[in-house]
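Notes for the one structure printed next.
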Amino acid sequence: MKRAIFGGAMTVMLGSVGLTACSPPAPPPTDAAATRGETAAGWTRPPGIAAVRREGEGLIFSGQAEPGARVVLRSDSGAAYAAAADERGRFEIRMAAPTGDLLLRPETQVGQDAATSPDRLLIVAGGRGPIAILRSGGPTRRLDPAPALGAVDSDGRMRLVSGRSPSAGTPVDLRAGGESGRVAPDSSGRWSLVLSPSAGADEIRVGDRTFIWPGEGATDTGLRVERAGEGWRVIWTGSAGARQTTWLPDAS
């Protein structure tokens, strides 16, 4: 039996009630503890990766962590890339672009304590394809230039579509499954919406562009990255052990 990957915060569905606007989940608290990279209970928080840029043959990932912490991007094969956060918690991790696909686990280390993020950093085709943060229970966040529909996440029971509006606060017109409506993005322009499942191909129209969801992929174990329609289909295992399919449409 497949387990649902989407929590209660994402409850709006496209079905008999039609398409309803839904903003992304609220960001985490920004109190003093969060600024230090800690929860209220004093636990070290995992790092947050905000952006990537290419420099020559390498990739540079930047983000926020606990001030002075060691931030590590670790692969299942054991390869790791690390850097120290400065006094304000900012960090940059430099790495040579991989030759193929790579899935990394962000981790914060403070002394003997370590906090592994439930998110995964995906690099497709050595950075020539999409670079994205895959999230268990939440929308995938593209770090590379992405189209209006940035990603479709599915666990076979429901789909979570998401993207970024070119201008914050401007509603996004969306049509899928014969229903249509508008989605309200947050202050950064990001939006997400839960749709009913579709194992086979179907159309999702965002703004003036139509995307063809290619459907679920194979259910074998391990990471699987493959071309599917006009995009990349990624089949991976979330932090809770559930298999997920993420489709990343091509930018153009």
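Rule-based calculations on the coordinates, nothing more; no lab input. All values derive from a computational prediction rather than experimental measurement. Counting neighbours? That spans all protein chains shown, and the Cβs are built from the backbone with ideal geometry, glycine included.
Values for this structure:
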read-out	value
Selected residue (criterion: nearest to the chain's Cα centre (by Cα)) from residues of the range 205-229 that are under 21 Å from residue 193 (Cα atoms) and acidic (Asp, Glu)	216
Selection count, the range 123-139, where residues are among the hydrophobic types (A, V, I, L, M, F, W, C) and in contact with a Phe, Trp or Tyr (Cβ under 8 Å, 6 or more places away or on another chain)	2
In the range 179-233, the residues that are aliphatic (A, V, I, L, M), out of contact with any Phe, Trp or Tyr (no Cβ under 6 Å at 6 or more places or on another chain) and surrounded by 13 or more Cβ atoms within 10 Å (Cβ to Cβ)	184, 193, 194, 195, 206, 212, 225, 228
Residues being of a type outside the set (S, T, N, Q) and crowded, with 24+ Cβ neighbours inside 10 Å - total across the range 144-159	6
